[in-house]
1. Of all residues in the stretch 103-119, which are part of a strand (DSSP E or B) and among the small types (Gly, Ala, Ser)?
2. Name the residues in the stretch 16-35 that are in contact (Cβ under 8 Å) with a residue 40 or more places away in the chain and open to solvent by 20 Å² or more (accessible area, probe 1.4 Å), would you?
3. Sort out which residues of the stretch 77-86 are hydroxyl-bearing (Ser, Thr, Tyr) and within 12 Å of PHE158 (Cα to Cα), and write them in order of number.
4. Which pairs do you get when a residue that is free of Cβ contacts under 8 Å to residues at least 60 places away in the same chain, found in the stretch 42-69, comes within reach of a residue that is surrounded by fewer than 18 Cβ atoms within 10 Å (Cβ to Cβ) and outside any loop (DSSP other than H, G, I, E, B), reach meaning Cβ atoms under 8 angstrom, with the pair 6+ apart or on two chains?
5. All but one of (1) surrounded by 13 or more Cβ atoms within 10 Å (Cβ to Cβ); (2) within 15 Å of the chain's Cα centre (by Cα) hold for THR56; state the number of the condition that does not hold.
6. Could you list all residues from the stretch 60-118 that are open to solvent by 10 Å² or more (accessible area, probe 1.4 Å), within 14 Å of PRO168 (Cβ to Cβ), aliphatic (A, V, I, L, M) and touching a Leu at 6+ places or on another chain (Cβ under 8 Å)?
7. How many of the residues making up the stretch 31-53 are modelled with pLDDT of 90 or more and either assigned to a strand (DSSP E or B) or at negative phi (or both)?
8. Inside the stretch 123-150, can you point out the residues that are under 14 Å from PHE87 (Cα atoms) and either outside any loop (DSSP other than H, G, I, E, B) or open to solvent by 60 Å² or more (accessible area, probe 1.4 Å) (or both)?
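The values are calculated or read from the model by the stated rules, or taken from the named source; none is laboratory data. All of these numbers come straight from a predicted model, not from anything done at the bench. Cβ: placed from backbone, ideal geometry, glycine included. Neighbour counts: every protein chain shown. Heavy atoms of the whole protein, side chains included, go into the accessibility calculation; ligands, DNA and RNA do not. Shrake-Rupley method; radii C 1.70, N 1.55, O 1.52, S 1.80 Å.
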Amino acid sequence: RFARWRWNAPPGTGIVTGGAAVVDDPTRGRVGAFPGGTACVQFADGTSNRPGMALTLSAWVFPTALDGTTPFGIISKRAAYQDRSAFTLFLWDRDAAWVDVDTEADRFGGAQALSNDRWTQLTAVFDGSRPSAERTRLYVDGVLDTVSGDSATTITPFAVPLRIGCMPD
């Protein structure tokens, strides 16, 4: 399987697709396993997943198929690439974490490459009240990895599902 993610969500509220499953991990306990592609847990759009001017995305990830070029979604709220993209946290180029906030206009990638078969905590924080050059921060294992600018001060409340473990293309 591609990866395992650990997240907190109310039980029974998400729709499981593409072979995603709950598995027991010796380090993290019960986690989601996502074999890639469309495997994810999808949550209906609603006011609780429309963040406004502040957002924190955080997940423990355990990738198993990083190859430096294939994108793997972690958390996304978008219809598709350049189509109603509110926010996305994903692994991609250079096996680094990448972040989109309020469309892909200010996409940035982290400095640190992740490794296969190792748990890593990723946290992306967006604060629209900060100066534009400092609005988005990426932390890897609790350490600041990258600070990036963003032109948005708020996140457009696109009416699309929130997905854990995949990223619509």
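1. GLY109, GLY110, ALA111, ALA113
2. If the condition is that a residue be in contact (Cβ under 8 Å) with a residue 40 or more places away in the chain and open to solvent by 20 Å² or more (accessible area, probe 1.4 Å), then THR17, GLY18, THR27, ARG28 are the ones that fit.
3. Hit for the stretch 77-86 is SER85, nothing else.
4. From the stretch 42-69, the pairs are PHE62/ASP25; PHE62/THR120; GLY68/ASP93; GLY68/ARG94; THR69/ASP93.
5. (1)
6. The one that is open to solvent by 10 Å² or more (accessible area, probe 1.4 Å), within 14 Å of PRO168 (Cβ to Cβ), aliphatic (A, V, I, L, M) and touching a Leu at 6+ places or on another chain (Cβ under 8 Å): ILE75.
7. 14
8. Passing the criteria: THR123, ALA124, VAL125, PHE126, ASP127, THR136, ARG137, LEU138.
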